[in-house]
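We did not get these values from a lab; they are worked out from the coordinates using the rules stated. Computed from a predicted model, the values in this text were never measured in an experiment. Cβ placement follows ideal geometry from the backbone for every residue including glycine, while neighbour counts extend to all protein chains displayed.
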């Protein structure tokens, strides 16, 4: 039980800190909204190429932008560990009788909760811009939950790197280096079917594709479980593995 | 369980690159004692603390804190100690009260106890009226006080304090010293601290261990250590023209009854004498007889600086520079923090 308590305490601190930085909340959603407004309109002309049942490029793109937001939000998990290490706060936590694993797990959960808030705001903005969610409010909840799984995965990756890299500048650069290609080799903004075949292969292996596809099914088609569940199961499994690796690397970095 | 609350036996830490940060250190700290490590930066003070609070594994040797082995019973050690690092690791984006709340929860204190404890420690460090302000609005001294309060929240039996007044102004330092002394008296706590300020070690500690290059050179009460120097310290300097008579003069001075020892330092001589005030005129007298003129002379009671000098052959304060020290420090920091 005390492990769960420790995880919650680590998480509580991150959430409190986040609430105190309104600029961070604002900036983290401003960029995706601009993407939606600009790119969403700019690319309207390709709507007919997206396949049947898709009425507007904005409908197609909104899930991609929600996922993009959580993708970038995930970077903070590792950054906050690097900062805690530099400021001595990590040592203070480690000197206390708390579970070692609670520190990375608490941080991953915190960044996932924070990104769920961001994803909700983006989705609301998209709806205001005229995006239609086929499955209604329940669908929105499902979309947010799937986005949260992806954020856990990404903060796991950034934590695992943070356990090895240890300076925030380098970590930031490495994470940017990772997130951008991840984004553009997925079907976030452009249908996989229209990509050259080598890019299609990459997109098939890209976990972002497997996050966006079920979200798109939920917002555009409806509760088509046969196409939602396998992808969600895949990314959930991968997320668990990455969280495990991140926790292990963290534990190794402090011993 | 042994009588000493901290006990180390040949504790050693060697970092990669064969850097001996802590070298065969053995000492014991009694219950309710304020025990200090005095030494320059990079002498192994922080490394010793990090081993005792279970954050670093010793390369060899063993140690117990509160009777628990620091490598085999880490969880038990952590529950009975508090740690105040030299980084003043308080969270700027939380209020003082939230920082304490978080710290108390890390120690699994029940809610009702924690609420009471927070008020208590806030009172103790005079932060009650600022408890609900964000720490980012606190001064350096307030942050340090909050940091110390956090170390006390779970009433540890031993409090480890690394460089308690690093970078603080004089008034704040005096305050912090007062708090630390009050802790021992009111909470019956054992306090292990490190410092490179000799006045801090002198004022605050019941006993100090002088540490240099990872080794303990001597352990004792500050007064006892100072009296071991053997008397007052007279520093004198001859004028350039009469420098040739210096040796003759020194030989005469040495014959005086009160003189214990004469050590040449850069351009001057350091004379240890039992009774400084009455010895100074006698020195003038004998020096004048052989034709040497004294240009300047000073008299002081021995300080821990002199004790440090006597045991390590160098001054505590002059350590700002050597390349080796810097290297050791840098490597240590990289190991510890990164």
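Extents of the range B:19-100, taken as max minus min of Cα coordinates on every principal axis and listed largest first, are 42, 30, 25 Å.
Between residue B:224 and residue B:260, what FRET efficiency follows from the Cβ-Cβ distance if R0 is 22 Å, with the result rounded to 0.05?
Between residue B:224 and residue B:260 the formula returns 0.85.
In degrees, nearest 10, range 0 to 90: what is the angle between the Cα axis of helix A:168-184 and the longest Cα principal axis of chain A? That works out to roughly 20 degrees. Projecting the alpha carbon convex hull of the range A:77-196 along each direction and taking the average yields 9.9 nm².
If you sort the three axes of the alpha carbon gyration tensor as a ≥ b ≥ c, you get a/c of 1.5 or more for the range B:130-208 and a/b no higher than b/c, which makes it oblate.
May I ask you to sort A:42, B:51 by Cβ crowding, counting other Cβ atoms within 10 Å and putting the fewest first?
Details: A:42 10, B:51 25.
Fewest-to-most Cβ neighbours within 10 Å comes out as A:42, B:51.
Hey, what did chain B get for relative contact order, percent, Cα under 8 Å, at least 6 apart? Don't skip to the answer; put the middle values down first.
Working: 611 pairs, mean separation 66.8, N = 338.
Once normalised by length, the contact order is 20 percent.
Based on C-alpha pairs under 8 angstrom that are at least 6 apart in sequence, chain A has a relative contact order of 26 percent. The C-alpha atoms of chain A define a longest principal axis, and helix A:22-42 lies at about 20 degrees to it. A straight line joining the Cα centroids of the range A:83-111 and the range B:148-221 runs 26 Å. To make sure I understand, if each residue's beta carbon is the centre and we count other beta carbons within 10 Å, what order do B:35, B:83 fall in, fewest to most? Taking fewest neighbouring Cβ atoms as first place, the list is B:35, B:83.
Apply 1/(1 + (r/R0)^6) to the Cβ-Cβ distance of residue A:46 and residue A:255, taking R0 = 41 Å, and write down the FRET efficiency to the nearest 0.05.
Working: r = 53 Å, r/R0 = 1.28.
Computed FRET efficiency for residue A:46 and residue A:255 comes out at 0.20.
Spin-label model, residue A:238 to residue B:182: label points 7 Å out along the Cα-to-beta-carbon direction sit 5.7 nm apart.
What does the average come to when, for each residue of peptide B:145-156, you count the partner chain Cβ atoms lying within 10 Å of its Cβ?
On the way: counts 0, 0, 2, 0, 0, 2, 2, 0, 1, 2, 0, 0.
Partner-chain Cβ atoms within 10 Å, mean over residues of B:145-156: 1.
Counting Cβ atoms of other protein chains within 10 Å of each residue's Cβ and taking the mean over peptide A:14-21 gives 3. Over the protein assembly as shown, the reciprocal of the mean inverse Cα-Cα separation, the Kirkwood hydrodynamic radius, stands at 28.0 Å.
Taking R0 as 30 Å, what FRET efficiency do you get between residue A:113 and residue A:193 from their Cβ-Cβ distance, rounded to the nearest 0.05?
So the FRET efficiency works out to roughly 0.30.
Using a 10 angstrom cutoff on alpha carbons, build the Gaussian network for chain A and name the most mobile of A:65, A:241, A:173. Comparing A:65, A:241, A:173 in a Gaussian network model of chain A, the most mobile one is A:173.
Among B:266, B:111, B:76, sorting on how many other beta-carbon atoms sit within 10 Å of each Cβ, with the fewest leading, yields B:266, B:111, B:76. In whole Å, what is the distance between the alpha-carbon centres of the range B:46-64 and the range A:203-234? Taking the Cα centre of the range A:203-234 as reference, the centre of the range B:46-64 is 51 Å away.
Computed over chain B, the P(r) tail beyond 39 angstrom holds 26 percent of alpha carbon pairs. Across peptide B:50-59, the average count of Cβ atoms from other chains found within 10 Å of a residue's Cβ is 2. Going 7 Å from the Cα of residue B:293 toward and past its Cβ, which residues in the range B:229-269 have a backbone nitrogen under 19 Å from where you end up? Under 19 Å, as judged by backbone N against the label point of residue B:293, lie B:236-250, B:268-269 of the range B:229-269.
Does anyone have the angle between helix B:111-124 and the longest principal axis of chain B? Alpha-carbon axes, 0 to 90°, nearest 10? Long axis of B:111-124 versus the principal axis of chain B: about 30 degrees.
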